[in-house]
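Here's the structure, in structure tokens; my notes come after.
The values are calculated or read from the model by the stated rules, or taken from the named source; none is laboratory data. No experiment lies behind these values; they were computed from the predicted model shown. The area values use the complete protein model at the heavy-atom level, side chains included, leaving out ligands, DNA and RNA. Shrake-Rupley method; radii C 1.70, N 1.55, O 1.52, S 1.80 Å.
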Amino acid sequence: MVMNKCFVQNNNYVSGPVFSDDSVAREIELIEKSTKAYEWKSPTGELFIVELPHTVYPPREDTSLMAESLLRLGPGKGRRCLEIGVGSGVLSLFCHRQGWKVSACDINPYSVAFAKEFFLRNSASDILLSEGGPGPLEDGNLNQWSAGINYDLIFWNMPYIKPSAQDTQHLGPMEDAALIDTSKQSLIAITLDKIKSSSLLNPYGIGLFTIGETYSEEEIHSLCSRFGFASRITNQLNFADGECLRILTFWHPFAKTPHQYKEVVESTNSELLSKDWPVGSSLSANYQTKGRGRYNREWVNFAELLACSWKISKQNNITPEDLQILCGHIVKQSFESVDDANSDCTIVLKWPNDLILIKEEIWGKVCGILVESVSKGNDNKIVIGIGINISSDSKKHSSQFPIGFANWYSDSITKDFLFEQIHCRIAGLFESIEGIPESNIDNIKKSAFDSIKHGFLSCRSLIYRNKSVFFHSINSDASINLVADDGELLTCKESEDLTWLFI
């Protein structure tokens, strides 16, 4: 299988397709050609036959990839969905067949015209079709292409290729626009912003985008979290040339269990553990009277801090040791997603789940994580407690460790920003929603274990059992292999047995 590609000659990223005199002439030439029939078989086995001009993007492998994810969501049962970029119309008709109440839009007027005729011939004239769509420059106002309502499902087989001057295979500019992202800004960010600011997606709604390889998975999750969405890569299609397409699924995190805030609690963890809070609940507080960390250490309340806990279901494919590391990795990623990180400050994940900031000649622990569980019969629940020091105050505080503060890392970092990033990432990793595949834990573990390795390598001096040691490897059970100066290989299962010096 080879990816179907098309590129424009001009490599300047603009707010839409590149239309030169030559490309306009090319478009007119293609419009005047006869239409071509295409066949596409849906995941349910139904054969769709569509007659398209050369200027309309036909159904291809990416169409089938999206259709698989749409089918997984189950029957529409009259719920509303919006397809951005209707193209040939086969995906909108497929959703209509599954019982969705469908609206669709496209910036290509030929797509709109031919899709309307296609729907009419297939007893789907009730699909609401509009010209326009989101983009760096608005192509029609939002009410024009979104019908001014909100949806239970929004999906887009999004342009996923950046233009390259080296490629010479061309389609018409209109069809180029269906496949190529020519925006200076991130088209994903632009669209998420419009969806969020206009409440296009219902509180329990789901979004699906087909995306390419322009952005790493971490960049995608950071972007979604910035706009308040949990996200997960839920399908992938690999091509013979080594490239791949992915399905990005996003939603409002823990929508059925809105976040709760209390000014003062004994402990956010204790509160969620002791009472019958449903899975997905989260609780933050400004002050904890009996806050604690690992080994029952006292929690220090600074002037500005984030103290929050989340209740999740037992993760059958994740050990408690892995869970600690994953949670530390989530917080580290949340810090790293800020735009203006100070170049003289480094954040590292200290095994297994402490976040350390290193700034010039000082270092300190900025975040502590406490993972606890409770069982009632066969009902097992886990509570993740995260405490982050945002900024210091004039008071003197006693602590067993040097203390660091988030504003070392970024002058503009806030607890609201960190909360939203962490909240969305925890939901993206652990929340179970019907029709959305579970997270690929193996991929996430690999990334988290790499963070642990980097944390060890950032340490200037490491002492274990009175021996100077160096990191060797991390085991599948999250224990650590160390090498002493004399070459002896040692295994450590408890971070308290290590003495760390970062400067």
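Solvent-accessible area of residue 96, all protein chains in place: 40 Å² (probe radius 1.4 Å, heavy atoms, ligands and nucleic acids excluded). Taken over region 320-448, the ratio of Cα radius of gyration to 2.2 N^0.38 Å equals 1.15. The fraction of accessible area contributed by carbon and sulfur in region 35-114 is 52 percent, rounded to a whole number (1.4 Å probe; ligands and nucleic acids excluded). To the nearest 10 Å², what's residue 83's accessible area with a 1.4 Å probe? Its accessible surface works out to 0 Å², give or take rounding.
The residues of region 320-465 expose on average 44 square angstrom of accessible surface per residue, using a 1.4 Å probe on protein heavy atoms. Exposure check, 1.4 Å probe, all protein chains in place: residue 412 carries approximately 70 Å² of accessible surface.
Let me know the Kirkwood hydrodynamic radius for region 31-153, please, with Cα pairs as the basis and the value in Å to one decimal.
Across region 31-153, the inverse of the average 1/r is 14.6 Å.
Hey, which of these cross-link pairs are over 21 Å Cα-Cα: 311/365; 196/262; 311/376; 275/365? Each step should come with its number before you reach the end.
On the way: 311/365 24 Å; 196/262 26 Å; 311/376 15 Å; 275/365 30 Å.
Where the Cα-Cα span goes over 21 Å, the pairs concerned are 311/365; 196/262; 275/365.
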